[in-house]
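Supplied in structure tokens, the structure appears directly below.
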Amino acid sequence: ANLVKDEYKRYSTLKKGGAAAAKILAEEEKLIKSTMSKATDNYDTAYNEDDDPEIKPGEASLAAPFTFLRPCVDGAEAIIRSGIAAAAFYLSCHRSIALNSLMSCFNLATLYRNGFRYGKYMWNVELSLIMALDQSQHEISCMPRPRIASALRPHQSIFHPASALSILLQSLCHLYTLTYGHRVATMFEKNSVKKGVKVRLAQPELLGPIGVLFQSSSTRQDGKTSILGRTPFKPNQVTNTVFILSCFQNTIIALVNHVGFPFHGSILESKAFCFWIGASIVFYFMLATEAVKPLNQILELAPMPSKSAKSLLLCLMLFDGMISLFADSLCVYFLDRSRWFELVKPLKQPTSLSHAADMELNLLHQERRSNCALLCVLVITACCIVIQQFFQ
């Protein structure tokens, strides 16, 4: 208790600055130099040139980020908290990589194999949103918890039963949603076929009982092709559905597989992460409902044939997001009970601000309240977009 009080007093003095802070820094610098000098003298005495080379005190090494030169015991706790956050982020990162790899394999093996492709700006938009989500997730994942809440630690690999089963169920949900959306979009394209567009069936036995993949060949009657021998891209319903669903699934993967509490910062404790998740979903709703038609034209999206097509696309997005969240929660509940108990435990605002950790917890509590309000605004915006398009 005395050490904690001394550390808090030191922190307050350094924050105020002045002669007292300069004195503390001078004493610490003198102590560090004295310690390093003694260590160097002892090393020079015990070192023999015939022995194997060793790392001298003060030299750079792999252990440098995990060393602590301040004469205070809280350094050990800080190292443990940082290690827990790093391990949890490693796990969530590899879960996202596994899911994205499965989705890419499906796209390459089916869609792109049959001639599917994006418009001019579609891939740029999708990649920009992925980078924004990854950057905001990385920032909040690098923030350790103010206190070590319990003896709970992250899994050692993604092959833990809870993680592995969650990845499998999420991948099945994403693949089924994308396959079903592709099939229905091809039917809409076939029904709304016009002069200059030809629709044909290709390899109906690819997915067997799951469904039939169709190929929409955006060919022109004049037979003109590009330099590479490919016909110019023409907007169609298949591209609309695959683009919007793929972008939405990238957002859901980042949302569901973020480990968060109790290992590092949670989603509600990062304004950037909350904003990009909410803004991305609103953006996809705007594209699906054609709320801003010039935006759809810039991205080379084909006009939606009917309100039923818009409704179906929105239902597919909601289905994909809800089932993915439910599957991950179910795996945690049955296969990782200790983490489930930590997640359902209510977070209380600290009543006393006598320690630096209590101050940080209080700031995180205020951040959660602010981000909840931000998400509510974005949800209301998405609802208004849907209501305006379907009931105008």
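Name the residue from Met122, Leu99, Pro146 whose Cα lies farthest towards the positive end of the charge dipole of segment 93-150, charges +1 on Cβ of Lys and Arg and -1 on Cβ of Asp and Glu.
Positive-most Cα among the choices belongs to Leu99.
Moving to a separate point now. Rounded to the nearest 0.05, what FRET efficiency do Ser37 and Ile148 give with R0 = 22 Å and r taken as the Cβ-Cβ distance? Could you check? Could you put the intermediate results ahead of the total?
On the way: r = 34 Å, r/R0 = 1.56.
So, using R0 = 22 Å, E works out to roughly 0.05.
Taking 2.2 N^0.38 Å as the expected size of a compact globular protein, what ratio does the Cα radius of gyration of segment 111-170 give against it, to two decimals?
Scaled against compact globular proteins, the figure is 1.75.
Go ahead and run the numbers for FRET between Ser370 and Leu325, Cβ-Cβ distance against an R0 of 30 Å, rounding to 0.05. Mind dumping the intermediate values first?
Values: r = 23 Å, r/R0 = 0.77.
The formula returns an efficiency of 0.85 here.
Shifting gears a bit: First obtain the Kirkwood hydrodynamic radius of segment 337-391 from its Cα pairs, then insert it into the Stokes-Einstein equation at 20 °C and 1.002 mPa s, and state the resulting D in µm² per second as a whole number.
151 µm²/s
Limiting things to C-alpha atoms, what are the Rg and the maximum Cα-Cα separation (Dmax) for segment 72-153, in angstroms?
Computed over the Cα atoms of segment 72-153, radius of gyration and Dmax are 18.9, 64 Å.
Specify, per residue and in Å³, the volume enclosed by the convex hull of the alpha carbon atoms belonging to segment 286-392.
Considering the Cα atoms of segment 286-392, their hull volume per residue is 167 Å³.
Can you compute the radius of gyration and Dmax for segment 239-343, using only the Cα atoms, both in Å?
Taking only Cα atoms of segment 239-343, I get Rg and Dmax of 16.5, 50 Å.
Taking H placed 1.01 Å from N in the peptide plane, check which residues at least 5 places from Asn236 or on another chain put their amide H under 5 Å from its amide H.
The list, which skips near neighbours in sequence, is Ala302.
For Ala291 paired with Met131, estimate the spin-label separation in nm (one decimal), with each label point 7 Å from Cα along the Cα-to-Cβ line.
Inter-label distance under the simple model: 2.5 nm.
Per the 1.4 Å probe, what fraction of the accessible area of segment 304-382, in percent, lies on carbon and sulfur atoms?
With neighbouring chains kept in place, the figure for segment 304-382 is 71 percent.
Multiplying the sequence separation of Ser306 and Ile80 by 0.36 nm and subtracting their Cα-Cα distance, what value in nm do you get?
Fully extending the segment from Ser306 to Ile80 adds 75.7 nm.
Semi-axes, largest first, in whole Å: what does sqrt of 5 times each Cα gyration tensor eigenvalue give for segment 266-306?
Whole-Å semi-axes of the equivalent ellipsoid: 28, 9, 6.
Now, a different point. With +1 on each Lys and Arg Cβ and -1 on each Asp and Glu Cβ, how big is the dipole of segment 103-186 about its Cα centre, in debye rounded to the nearest 20?
It comes to approximately 100 debye.
The values are calculated or read from the model by the stated rules, or taken from the named source; none is laboratory data. On a predicted model such as this, the values are computed, not experimentally measured, just so you know. Because the Cβ atoms are built from the backbone with ideal geometry, glycine has one as well, and the counts that use them run over all protein chains shown. The protein model used for the area step is the full one, side chains on, heavy atoms only, and it has no ligands, DNA or RNA in it. Shrake-Rupley method; radii C 1.70, N 1.55, O 1.52, S 1.80 Å.
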